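We did not get these values from a lab; they are worked out from the coordinates using the rules stated. As the structure is a prediction and not an experimental result, all values here were calculated from the model. Positions of Cβ are generated from backbone atoms using ideal geometry, with glycine treated the same way; all protein chains shown enter the neighbour counts.
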Amino acid sequence: MNDTAAPPPYAGLTPDVVLGAVESAGFLADGHQLALNSYENRVYQVGLEEGGAGPLGEARFLVAKFYRPARWTDGQILEEHEFATELAEREIPVVPPLAIAGTTLLRHAGFRFALFPRRGGRAPELEDPTTLEWLGRFIGRIHAVGATRPFAHRPAIDVQSFGIESRDWLLAHDLVPADLREAWSGAAALAIEGAQRAFERLPAVPRIRLHGDCHAGNVLWTPHGPHFVDFDDARTGPAVQDLWMLLSGDAPSMGAQLRHVLRGYEDFAEFDDRELALVEALRTLRLLHYSAWLARRWDDPAFPLAFPWFGTQKYWQDRVLELKEQVAAMQEPPIVPAR
């Protein structure tokens with residue numbers, strides 16, 4: 001679905017290259033590796049020889065993350081690393097990359113990569129009020145740090161990049177079936193207009209450094225509480241971006257969940273309730289961005305295998321309905337925390 005017939009982005013990332021990258025950083029790999037769940041990048045758990053753990057001490061595994069070529073600049077990746085490291089230095093339980101010879105962004109065989117200590121955990125139980133409050137406290141601590149200074153290189157979550165550019169790219173590449181093109185483009189236009197109005201009504205809401213992709217899949221739960229992983233989508237945006245993806249169900253259900261999240265959040269950071277009017281606009285932008293993301297990655301063999309339903313007639317029919325529902329949702333009163 002891309003313009004050129006360039007080689008797939010990870011064609012040269014063989015198991016030997018993965019092990020070679022780890023060993024180039026001063027570790028002694030034992031030959032074992034496990035591909036972890038990641039589509040945007042390639043992430044592997046790599047075993048280490050006994051006595052070959054280097055700065056990991058007695059640890060026997062680390063995680064190697066290979067960045068998708070041409071997605072982020074070096075400066076943007078390093079800024080992600082710096083944010084995670086800054087949070088860890090404040091004793092916030094995130095997993096920052098290891099610094100090797102003075103840098104966290106490494107290179108091997110034409111790939112940029114970073115190494116992380118392995119941290120286990122399970123998915124959080126988002127139906128549990130105590131879990132939601134704990135997550136709220138954690139995100140509040142992240143945002144308290146994120147608000148202290150802006151990103152210099154990483155982009156923002158906004159209508160232009162997530163909405164307009166996604167819509168225009170899909171239409172320019174003729175990815176919407178001809179018989180649905182008018183319906184989808186019309187629904188997308190109304191959805192973008194609704195999101196734009198929502199943001200224009202709140203021009204003074206602060207934009208801060210965010211995790212950016214704060215859903216349950218990026219949270220690992222341990223007996224000591226949660227820790228977030230994968231700051232790859234860290235961007236500038238309103239604080240509510242890191243809260244709404246933890247909510248689900250109808251408006252009363254989300255209001256009840258939000259009450260618990262904010263109870264923890266406001267122990268560490270003030271939340272502006274006006275931002276709740278952006279939840280459906282942010283959801284709309286994410287839906288448009290997701291369709292364009294799948295299309296832009298179709299030259300990666302992992303995507304047709306993982307998302308075989310993408311691009312089908314039913315897929316686009318469902319997206320038309322979904323966008324129309326979002327247009328209606330953006331006209332409804334925002335969710336409110338349950339009392």
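Here is how the numbers come out for the structure above:
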| quantity | calculated |
| --- | --- |
| Amide proton proximity set for residue 147, modelled H, under 5 Å, gap of 5+ | 209 |
| ³J(HN,Hα) computed for each position of the stretch 137-144 - Karplus, 6.51 cos²θ - 1.76 cosθ + 1.60, integer Hz, glycine/proline x | 4, 4, 5, x, 5, 4, 5, 4 |
| Against the rule of thumb 2.2 N^0.38 Å, how large the Cα Rg of the stretch 17-144 comes out | 1.14 |
| Using θ = phi - 60° and Karplus 6.51 cos²θ - 1.76 cosθ + 1.60, couplings along the stretch 130-135 (whole Hz; Gly, Pro as x) | 5, 4, 4, 5, 4, 4 |
| Estimated FRET transfer efficiency when R0 is 22 angstrom, pair residue 149-residue 270 (beta carbons, to 0.05) | 0.80 |
| In nm, spacing of pseudo-spin labels at residue 11 and residue 89 (7 Å Cα→C-beta vector) | 4.2 |
| Inter-site label distance for residue 70 and residue 200 at 7 Å from Cα along Cβ, in nm | 3.5 |
| The stretch 156-188 residues near the modelled residue 317 label - backbone nitrogen below 17 Å, point 7 Å along Cα→Cβ | 176-185 |
| Lys/Arg +1, Asp/Glu -1 at C-beta; the stretch 247-339 dipole; positive extreme among 337, 323, 313 | 313 |
| Only Lys, Arg (+1) and Asp, Glu (-1) charged, at Cβ; the stretch 132-231 dipole about Cα centre in debye | 640 |
| At q = 0.13 Å⁻¹, base-10 log of I(q)/I(0) for the chain (Debye sum, equal scatterers on each alpha carbon) | -1.10 |
| Contour minus Cα-Cα distance for residue 156 and residue 28 (0.36 nm per residue) | 42.2 nm |
| Added length on full extension, which subtracts the Cα-Cα distance from 0.36 nm per residue, residue 181 to residue 222 | 10.1 nm |
| In order through the stretch 111-121: 3J(HN,Hα) via Karplus (6.51 cos²θ - 1.76 cosθ + 1.60), integer Hz, x for Gly, Pro | 10, 9, 8, 9, 10, 10, x, 6, 10, x, x |
| Helix-derived mean residue ellipticity, 222 nm - over the chain, DSSP H n ≥ 4, -39500 (n - 2.57), to 500 | -12500 deg cm²/dmol |
| Point-charge dipole on Cβ atoms (K/R +1, D/E -1) for the stretch 129-329, about Cα centre, debye to 20 | 280 |
| Three-way shape call for the stretch 186-247 based on the alpha-carbon gyration tensor, with the a/c threshold at 1.5 | prolate |
